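Enquirer: There's a structure below that I have some questions on.
The values are calculated or read from the model by the stated rules, or taken from the named source; none is laboratory data. Keep in mind the model is a prediction, meaning the values are calculated, not measured. Note: ideal-geometry Cβ built from the backbone for every residue, glycine included; neighbour counts use all protein chains shown.
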Amino acid sequence: MRPREVDLLARVLYEVVERRVSLDVAFKRVCGGRCARGLEERERLYQLCRRFVSDYVKLLCYLGGRRVSYRRLARLWLGGPLPDLEEPYCRLSTPRWLYERVSSLLGAVEAERVFRAFEERSWWLRVNTFRGSEEGVIRELESEGVEVEVHRELPYMVRVVRSPKPVRLLRAVREFRAVPQDVASAVAVEYLDIRPGDVVLDMCAAPGLKTSLISMLSGGEVRVVAVDVSLRRLLAAKHLLRRMGVPETSVNLVLADSTYINARSVDKVLLDAPCSNSGAIGKDPGVKATLTPGKVEYYRGTQLRLLTKALQLSDVVVYSVCSILPEEGEEVVTEVLKASTNLRVAPHRLARLCSPGYRGYPVSNSVCRMFPHTHLSDGFFIARLERVGS
């Protein structure tokens with residue numbers, strides 16, 4: 001057991017639990033360029049931190065609620081595999097309330113499949129056709145030894161089956177010909193049915209991946225009003241859009257709180273709302289260490305306000321969240337529908353790529369849910385809302 005690994009694990013877990021940051025942010029803060037002598041060692045240490053943070057709830061179960069230091073937790077974890085634990089939420093290292101909620105919706109067997117699937121991240125790349133053709137970029141990835149699988153419905157989306165190096169270090173990714181983007185995120189944008197000449201409002205736009213896809217799907221022939229409340233994130237989106245080759249004339253970046261914006265002549269709205277990120281556990285296992293029912297309730301209130309505003313600005317709104325909880329999906333949409341007499345959840349041609357919503361809600365058969373164990377994606381909820389007669 002190396003003292004520096006104990007120190008690294010303890011400090012990363014501290015950042016995740018106490019500072020409420022993602023695993024990636026925590027690792028960058030603690031490691032920076034100092035903890036590894038090369039990219040290979042850095043990747044090994046990152047994966048070590050990922051597994052450790054993912055096992056946080058399991059460690060707490062093993063200790064029976066006893067409070068110990070983060071260093072003690074790191075030494076315990078590095079000392080060898082923990083014994084099998086009886087409670088399923090402990091075995092799956094998932095907060096008890098979250099496991100029980102998902103089990104009540106899907107059943108114990110299906111819930112276990114969901115949380116097991118979160119243990120390994122599925123990597124998807126979106127071919128950026130502003131920088132290269134689908135065929136050319138795929139050939140380039142294969143020339144680097146990457147095994148890919150092209151999505152049967154969305155040919156610009158490819159899943160990385162095997163890669164000889166971390167995805168972020170692939171040449172096509174470093175040069176923005178391919179960008180990491182989850183397939184569920186792409187499906188949410190597809191639900192807009194983009195047409196050249198559309199004016200699209202992206203209400204929570206940063207870091208800009210969905211904004212860039214909206215532009216790409218139209219060949220740059222739409223106008224996207226991309227709004228975000230964070231100046232730092234908006235500047236990062238501006239940088240990303242430029243690096244991806246998105247035509248500057250197709251995107252207007254706006255610093256504002258979308259709850260209070262006013263916009264005229266908007267054809268469609270994309271609201272990829274702030275959420276619990278319970279569907280992104282595969283991407284960030286730190287979510288399991290910090291997610292609480294109170295956090296879900298907070299985001300639910302934000303989602304309701306934003307969706308109500310979106311429907312005041314356009315007759316077509318696509319609402320999505322990276323969440324496996326109905327409190328942020330089916331329940332939000334159902335509540336908005338109750339407040340309007342001329343609103344419906346519209347069917348979509350890509351619904352065949354999705355599972356239906358959770359049973360027992362009026363919108364269950366009209367919305368899209370995607371799961372890591374069935375769609376090799378993040379956990380995602382998508383609904384297209386339309387004004388009747390619009």
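Enquirer: Going through the stretch 37-54 one residue at a time, which ones are within 20 Å of ARG75 (Cα to Cα) and among the aliphatic types (A, V, I, L, M)?
Expert: LEU45, LEU48, VAL53
Enquirer: Tell me, which strands (runs of 3 or more DSSP E) lie completely within the stretch 311-372 with 2 or more residues that are of a type in the set (A, V, I, L, M) and under 19 Å from the mean Cα position of the chain (by Cα)?
Expert: Here the list reads 316-321.
Enquirer: Only one of these conditions is not met by ALA205: (1) assigned to a loop (DSSP other than H, G, I, E, B); (2) in the same structural domain as PRO155 (by TED's automatic domain parsing); (3) at negative phi. Which number is it?
Expert: For ALA205, the exception is condition (2).
Enquirer: What are the pairs, 6+ residues apart or on separate chains, where a residue within the stretch 158-182 that is farther than 21 Å from TYR46 by Cα and touching a residue at least 24 places away in the same chain (Cβ under 8 Å) has its Cβ under 8 Å from a residue that is of a type in the set (Phe, Trp, Tyr) and surrounded by 14 or more Cβ atoms within 10 Å (Cβ to Cβ)?
Expert: Filtered contacts from the stretch 158-182: VAL158/TRP124; ARG159/TRP123; ARG159/TRP124.
Enquirer: Follow-up. Looking at THR94, THR129, which is the one that is assigned to a loop (DSSP other than H, G, I, E, B), closer than 16 Å to CYS61 by Cβ, β-branched (Val, Ile, Thr) and not assigned by TED's automatic domain parsing to the domain that holds LEU48?
Expert: So the residue among THR94, THR129 that is assigned to a loop (DSSP other than H, G, I, E, B), closer than 16 Å to CYS61 by Cβ, β-branched (Val, Ile, Thr) and not assigned by TED's automatic domain parsing to the domain that holds LEU48 is THR94.
Enquirer: Can I ask one more? Using the structure shown, decide if GLY197 is in contact (Cβ under 8 Å) with a residue 60 or more places away in the chain, over 19 Å from the mean Cα position of the chain (by Cα) and either farther than 22 Å from ALA383 by Cα or surrounded by fewer than 23 Cβ atoms within 10 Å (Cβ to Cβ) (or both).
Expert: No, not satisfied.
Enquirer: For the stretch 43-52, indicate whether the set of residues that are outside any helix (DSSP H, G or I), among the basic types (Lys, Arg), under 22 Å from PHE118 (Cα atoms) and in contact (Cβ under 8 Å) with a residue 40 or more places away in the chain is non-empty.
Expert: No, the stretch 43-52 has no match at all.
Enquirer: Can I ask one more? Let me spell it out: the conditions are (1) in a helix (DSSP H, G or I); (2) without any contact (Cβ under 8 Å) to a residue 60 or more places away in the chain; (3) surrounded by fewer than 20 Cβ atoms within 10 Å (Cβ to Cβ), and LEU85 meets all of them except one. Which number is the exception?
Expert: Here LEU85 clears every test but (1).
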